[in-house]
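The values are calculated or read from the model by the stated rules, or taken from the named source; none is laboratory data. Fair warning: this is a prediction, and the values are worked out from it, not measured in the lab. For neighbour counting, all protein chains shown are included, and Cβ atoms are generated from backbone atoms with ideal geometry for every residue, glycine included. What goes into the accessible areas is simple: the full protein's heavy atoms, side chains included, and nothing from ligands, DNA or RNA. Shrake-Rupley method; radii C 1.70, N 1.55, O 1.52, S 1.80 Å.
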Amino acid sequence: MNIQNQNHLINLNDYSTETWDSIITLAQLIKKTPRVYKGACTGKIMGTLFYEPSTRTQMSFQSAMLRLGGGIIGFDNPETSSISKGESLSDTAKVISGYSDVIVMRHYLEGAAKAAAMYSDCPIINAGDGGHLHPTQTLTDLLTLTEEKGRLTNLNIGICGDLKHGRTVHSLVRAVSRYMGNTFTFISTPELSMPDYIKKELRGIAGISDFTDYGCFSEVHSLEEAMEHLDVLYMTRIQRERFPDTPEGRAEYNRQQQIFTLTADKLREAKPDLIIMHPLPRVDEIATDVDADPRAVYFKQANYGMYVRMALILTILNHKIDMEPLLSGKSVITKRDCTNLKCVTHYEPTLPKRSFIKDGKTVCEYCDCCD
């Protein structure tokens, strides 16, 4: 098992904000002078292992590597690979890392990226693991805020939609909360509210900063309640794939899907310099009449993703990252099963189960689930 520092990007919080800022600055340079970086990855190969459907993340990574002069191998349908024959995640990671200089992986299981990185002989970039984390989307969001708002501090950011399952918003909140003076307005139904562990982290931050009586966030149940106060509105879709594939699950999805829709009319009370973001794809949570509003930046946001991924690839391959060890150092191997049924440990029998104690609770090393 490989637990050495391979410059993996599994969780953005493994890096310092100084490292984030350097990646964002490099992305801005690449955007301004793309020709300078045209052959920067000549002779390098990126493996793309996409166990879950993707358009923007997959294609922006591919475009990023091609624009840097590198090559691409991989799959976007595990049924066409040896996975359909029963190959384990650890074996796939070990084999493909022998062909690649860097691997980009999206997986439907939480903690899968960290598990793969433990066996890989090249850096792994987490392109989304279940409802857990999506660090490269967060880097995209940070670049978008930098370009469109000119700062990463003192922003009131409204986040609307599926906050329970949204890995993009979980990563974003944890990242932006590390910059000074930011507050959040969570806009959702009670059933799809932000997980308690995220809110607990924010309350911990508020303990040293006087934001509000409830921490550096508030919770509301309609767009209208929040709109006039926001500097940023981050819309998300209700994620069909996170609901049970049962009659009850489908009915609940349909009910939730119809609650929040941003329209041009709802923007009448918004600030003139508000920006509207969305990780895409959208379904019907943003009406098409919003697209013409100059405050809508979600298509530009998707384009920023290519530049930030170019910067990330260069940073990782040039070993310009100072990150923490892959394993926390606090965890121990245990026979105890993770209580999260979507955790990778339930599907990879050879993977050692690792956990540690935090605030009196057992925390899974892979998916961060507490019990």
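Here LYS271 passes the criteria (1) of a type in the set (D, E, K, R); (2) modelled with pLDDT of 95 or more; (3) in contact with a Phe, Trp or Tyr (Cβ under 7 Å, 6 or more places away or on another chain); (4) assigned to a loop (DSSP other than H, G, I, E, B) except the one numbered (3). Output yes when any residue across the stretch 85-107 is in contact (Cβ under 8 Å) with a residue 12 or more places away in the chain, at positive phi and in contact with an Asp or Glu (Cβ under 9 Å, 6 or more places away or on another chain), and no when none is. Among the residues of the stretch 85-107, not one is in contact (Cβ under 8 Å) with a residue 12 or more places away in the chain, at positive phi and in contact with an Asp or Glu (Cβ under 9 Å, 6 or more places away or on another chain), which makes the answer no.
Assessment of the stretch 312-321 against the conditions (modelled with pLDDT of 90 or more, open to solvent by 50 Å² or more (accessible area, probe 1.4 Å), of a type in the set (A, V, I, L, M, F, W, C) and within 24 Å of the chain's Cα centre (by Cα)) yields no matching residue. Highlighted here are the helices (runs of 4 or more DSSP H) found entirely within the stretch 28-132 that include at least 3 residues which are touching a strand residue (DSSP E or B) at 6+ places or on another chain (Cβ under 8 Å) and either open to solvent by 50 Å² or more (accessible area, probe 1.4 Å) or small (Gly, Ala, Ser) (or both): 112-117.
Determine which member of the set ALA296, ALA287, ALA251 is open to solvent by less than 90 Å² (accessible area, probe 1.4 Å), of a type in the set (Gly, Ala, Ser) and modelled with pLDDT of 95 or more.
ALA296
If the condition is being touching a residue at least 40 places away in the same chain (Cβ under 8 Å), closer than 15 Å to ASN318 by Cβ and of a type in the set (A, V, I, L, M, F, W, C), then the stretch 30-55 contributes ILE30, ALA40, CYS41, MET46.
For SER63, are the conditions met, namely being among the small types (Gly, Ala, Ser) and at pLDDT 95 or above? Answer is yes for this residue.
Being closer than 28 Å to MET118 by Cβ, touching a residue at least 12 places away in the same chain (Cβ under 8 Å) and basic (Lys, Arg) is a condition met by no residue of the stretch 60-67.
When you scan the stretch 215-238, how many residues do you find that are assigned to a strand (DSSP E or B) and crowded, with 19+ Cβ neighbours inside 10 Å?
Step one: filter the stretch 215-238 for residues assigned to a strand (DSSP E or B), giving 215, 217-220, 232-235.
Okay, now just the ones that are also crowded, with 19+ Cβ neighbours inside 10 Å, so 215, 217-218, 232-235.
The total comes to 7.
Scanning the stretch 133-184 for residues that are out of contact with any helix residue (DSSP H, G or I) (no Cβ under 7 Å at 6 or more places or on another chain), buried (at least 24 other Cβ atoms within 10 Å of the Cβ) and either polar (S, T, N, Q) or not in a helix (DSSP H, G or I) (or both) gives GLY161, GLY166. Looking only at residues in the stretch 340-357 that are within 23 Å of the chain's Cα centre (by Cα) and more than 20 Å from ASP91 (Cβ to Cβ), the one that is most open to solvent (accessible area, probe 1.4 Å) is LEU341.
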